[in-house]
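*Asks:* Below: one structure in C-alpha cells.
The values are calculated or read from the model by the stated rules, or taken from the named source; none is laboratory data. Remember, it's a predicted structure, so these values are computed and weren't measured experimentally. Note that we place each Cβ from the backbone using ideal geometry, even for glycine, and neighbour counts take in every protein chain shown.
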Amino acid sequence: MDRLKQGEAAIHYDWIMSEDSLAKETIILIHGIGLDMHSWDFIIPYFYPHFNILRYDLQGHGESGTGDDLKTVDALCEDLIYLTNELNISSYHLIAQGLGGLIGIQLAAQKETRLKTLVLIGVPIHYPKKLGEQVVDQRKTMAEGKESMLSIGKAMAGKLCCPPEKKKIDILLNAYERVSPSVYFQLFSTDLGQDAVMQLRSIAVPILVMSGAEDAIYPPELFSASLNFNPNARYLSVPDAAFMIQMDQPKLTAEWVTSFIKKHLHSEGSISLLESNYQKNLTSEMYAEIRRLLSQDRITSQISKHLQVDIMNGFSVRLNGRSIVEGWGKRKAKQILMYLVIQKSATRDELCDVLWPEVELKSARNRLRVGLHHLKHLLEEHTASETILVTDRENIFLQAEVESDLSDYMEAIKAGSSIRDSEERAEHYKRLLVQKVDNPLPGLFENWFLELRDWMENEWAEMAIFLADLYEARGDEKNAAYYIEQALKYYTECKQLKERLRLLSS
C-alpha cells in the first residue's frame, strides 16, 4: 500500500495487479463515508482474477490525511482524478458505495472520458430533505463531544451487515474510529447529494445500481426507483445481504459486477432512443399501475382523460380539450401540477421538500394538503366525478393521459446524445436551439425548477459547442462564431470560449 500527496493531504491507496497478466481492465473501488478501503477486503479475491484494482481511503478516512480544505464532492472528485493521472490509468470502471457513489455520479455527469461503466452500491440518489435533517441531527447528537465516529459505528454496524459477524463488525468499527466528527459531518449532510438526480439524468455510460435485499436503512424498492432517472441504469437486489453486500455476498456481488462490465466492454454504451422510451415508459407506468391498484376500490378498464399541460410559451392547461384558466396562482397549484407532469409521480414528503424546503415538516404537510385539495378541485370540477389527481397517504400522481411541451422538449434533448450520425445530430440540435425560449419555466422559482432550468441551459450550451466544432471543422468560421456566441450566453465566464470567439472573429 502506498501514498500520494494531493495538496496538504496524503492519499492512502492500494494498487493490486490482476493475477491474469493479460488483464487490461481496471476497477476503482470507493468506500462509503465513515468507512475505509478495507470494506472491500472480502470481495477483492473475486475481482483480481479478472481486473487490476485500485482502492483508496477518502480524505480524512482510514490512513489518508485530512488536509485543511473543506470536504466536498468536488474535492473528492479532484482526488480521484489526481490518483488516476498519477498512476497512468487510461480507462477504468468505477464501483462506489453509499455517499461515496456521488463521486462517481458527478464524474460521469462531467463526461470523464476514461470512465467506462459505473456501479453504485447502496447510493441514496434522493433522500427527503426533512427526514435527512432529522438523521443528521440525530447522529450529531450521538457524536457530540467525541473524538471519533466510533459511537455511530457501534450503533449502525449491526444494521449494515447480514449476518453481523465479528470479522465484518471489526472492520467497520476500526474504520469509524479513524474518522473525526468534523470530517464526517462535512460530508454527511443534506446538501451533499442535492445535484445527484439532475446529474444522473445526464449520464451516458452504463450504470448498475445494487443494494442488499435486507438493507433496512435504505430499502431496495427505493433504489429500484432510481431507474426512473436514467434509462441506461439497471438494478439488482442482492439476496441475503444488507448495506455491505460486498461483505455479505462477496462472490455473488463480484460475479454480477464482472458480468455487467464484460457485457458493456464492446457495446456502444448508451441504449437506443427506442429502448430508452420503452424502459422509461415501462418503469413509470408500472409504478403508476401499482399505485392505482393500491388506491382504487375498482380498476377502470381504460383511462379516457387527456390532460395537456404546456408552459414553455405560456402556461396553459386543457383537460379533454377544455381550457382550465383560473386558479393556478393559488396554493402552489401550478408548481404541484408541473412537478407531477415532469416526474410522473411523487411522495408527499418529496413535494414538501421541493415546495417548502425551509418550512417545518408538519406545517409543510398541512400546506401541501390544502394545495392538493385546490388542485383536485381545479382538475375535477367538470369531469363528472372522474378522478384525475390520485392521492393516498404517501403517493400522488395524475391518472390521465398527460402530454406537455416541456416533457416532449426534455425527451428530445436527451434523445440527442443517442444519435450517432454527426450530421443527423447537428440537425436535431439546430431544431432544439430554434425552439428554445429565454425562460422555459415561467413563474416557477423553487430551487428544483431553477436547477431544471440550469440543466436545460447547460444542454443548450453543449449543443451550441457541438455545432461550433462541426462548422469550424468545415472551415465555416462565421457559423462557428455564431454558435460560440450562443454557448457564451450560458457559459458567460468561460475564457476558453471567449478566446475561441476572438480568433474566429479576427
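*Asks:* Could you give me the residue pairs with C-beta distances under 8 Å whose first residue belongs to the stretch 433-448 and is over 16 Å from Gln486 (Cα atoms) and in contact (Cβ under 8 Å) with a residue 40 or more places away in the chain, whose second residue is of a type in the set (Lys, Arg) and surrounded by 13 or more Cβ atoms within 10 Å (Cβ to Cβ) wherever it lies, and which are 6+ apart or on separate chains?
*Replies:* Once the first residue is over 16 Å from Gln486 (Cα atoms) and in contact (Cβ under 8 Å) with a residue 40 or more places away in the chain and sits in the stretch 433-448, its partners that are of a type in the set (Lys, Arg) and surrounded by 13 or more Cβ atoms within 10 Å (Cβ to Cβ) give Pro440/Arg453; Leu441/Arg453; Gly443/Lys334; Leu444/Lys334.
*Asks:* Kindly indicate whether Ile81 is in the same structural domain as Thr258 (by TED's automatic domain parsing) and either crowded, with 22+ Cβ neighbours inside 10 Å or under 25 Å from Glu147 (Cβ atoms) (or both). Write out each step before concluding.
*Replies:* Numbers: in the same structural domain as Thr258 (by TED's automatic domain parsing): yes; either crowded, with 22+ Cβ neighbours inside 10 Å or under 25 Å from Glu147 (Cβ atoms) (or both): no.
Judged against the criteria, Ile81 is not a match.
*Asks:* Here is a follow-up. Quick one: which helices (runs of 4 or more DSSP H) sit completely within the stretch 190-261 and have at least 3 residues that are within 11 Å of the chain's Cα centre (by Cα) and at pLDDT below 90?
*Replies:* 196-201
*Asks:* Given the conditions (1) more than 23 Å from the chain's Cα centre (by Cα); (2) in contact (Cβ under 8 Å) with a residue 60 or more places away in the chain; (3) under 20 Å from Leu173 (Cβ atoms), and given that Gly34 satisfies all but one, which numbered condition is not satisfied?
*Replies:* The one condition Gly34 does not meet is (1).
*Asks:* Next question, about the same structure. Which condition breaks for Ser64 when tested against (1) hydroxyl-bearing (Ser, Thr, Tyr); (2) in a strand (DSSP E or B); (3) more than 26 Å from the chain's Cα centre (by Cα)?
*Replies:* (2)
*Asks:* Another question, if that's okay. Please verify whether Gly32 is crowded, with 23+ Cβ neighbours inside 10 Å and either charged (D, E, K, R) or part of a loop (DSSP other than H, G, I, E, B) (or both), treating the condition exactly as stated. Step through it out loud before you land on a result.
*Replies:* Numbers: crowded, with 23+ Cβ neighbours inside 10 Å: yes; either charged (D, E, K, R) or part of a loop (DSSP other than H, G, I, E, B) (or both): yes.
Yes, satisfied.
*Asks:* Okay, moving on. Could you list, in sequence order, the residues of the stretch 118-167 that are surrounded by fewer than 17 Cβ atoms within 10 Å (Cβ to Cβ), free of Cβ contacts under 8 Å to residues at least 24 places away in the same chain and hydrophobic (A, V, I, L, M, F, W, C)?
*Replies:* Selection gives Val135, Met142, Ala155.
*Asks:* Also: Write out, first by first residue and then by second, each pair whose Cβ atoms fall under 8 Å of each other, whose residues are 6+ apart or on separate chains, and whose first residue, in the stretch 45-73, is outside the structural domain of Glu8 (by TED's automatic domain parsing) and buried (at least 18 other Cβ atoms within 10 Å of the Cβ) while the second is basic (Lys, Arg) and assigned to a loop (DSSP other than H, G, I, E, B).
*Replies:* none
*Asks:* Could you look through the stretch 1-25, keep only residues that are surrounded by fewer than 22 Cβ atoms within 10 Å (Cβ to Cβ) and in contact with a Ser or Thr (Cβ under 7 Å, 6 or more places away or on another chain), and pick out the one that is farthest from Lys168 (Cα to Cα)?
*Replies:* Ranking the candidates gives Ala9 first.
*Asks:* Look through the stretch 325-344, keep the residues that are among the β-branched types (Val, Ile, Thr) and surrounded by 17 or more Cβ atoms within 10 Å (Cβ to Cβ), and return whichever of them is nearest to the chain's Cα centre (by Cα). If you could, list the steps in order and put the result at the bottom.
*Replies:* The initial filter retains those residues of the stretch 325-344 that are among the β-branched types (Val, Ile, Thr), namely 325, 336, 341-342.
So of that shortlist, the ones also surrounded by 17 or more Cβ atoms within 10 Å (Cβ to Cβ) come out as 336, 341-342.
Working: Ile336: 21, Val341: 19, Ile342: 16 Å.
So the residue we want is Ile342.
*Asks:* Every residue in the stretch 127-155 that is part of a helix (DSSP H, G or I) and in contact with a Gly (Cβ under 8 Å, 6 or more places away or on another chain), please. Give the derivation first.
*Replies:* At the first step, the residues of the stretch 127-155 found to be part of a helix (DSSP H, G or I) are 129-143, 150-155.
Of everything in the stretch 127-155, those that are part of a helix (DSSP H, G or I) and in contact with a Gly (Cβ under 8 Å, 6 or more places away or on another chain) turn out to be Ile152, Gly153.
*Asks:* Something else about it: Going residue by residue through the stretch 439-456, is there one that turns out to be of a type in the set (D, E, K, R) and closer than 21 Å to Lys498 by Cα?
*Replies:* The first filter runs over the stretch 439-456 and keeps only residues of a type in the set (D, E, K, R), leaving 446, 451, 453-454.
With the extra rule that they be closer than 21 Å to Lys498 by Cα, the set shrinks to 454.
So far as the stretch 439-456 goes, yes, one or more of its residues are of a type in the set (D, E, K, R) and closer than 21 Å to Lys498 by Cα.
*Asks:* Hey, does the stretch 96-105 have a residue that's surrounded by 20 or more Cβ atoms within 10 Å (Cβ to Cβ), out of contact with any Asp or Glu (no Cβ under 8 Å at 6 or more places or on another chain) and either among the acidic types (Asp, Glu) or not in a helix (DSSP H, G or I) (or both)?
*Replies:* Yes, because at least one residue in the stretch 96-105 is surrounded by 20 or more Cβ atoms within 10 Å (Cβ to Cβ), out of contact with any Asp or Glu (no Cβ under 8 Å at 6 or more places or on another chain) and either among the acidic types (Asp, Glu) or not in a helix (DSSP H, G or I) (or both).
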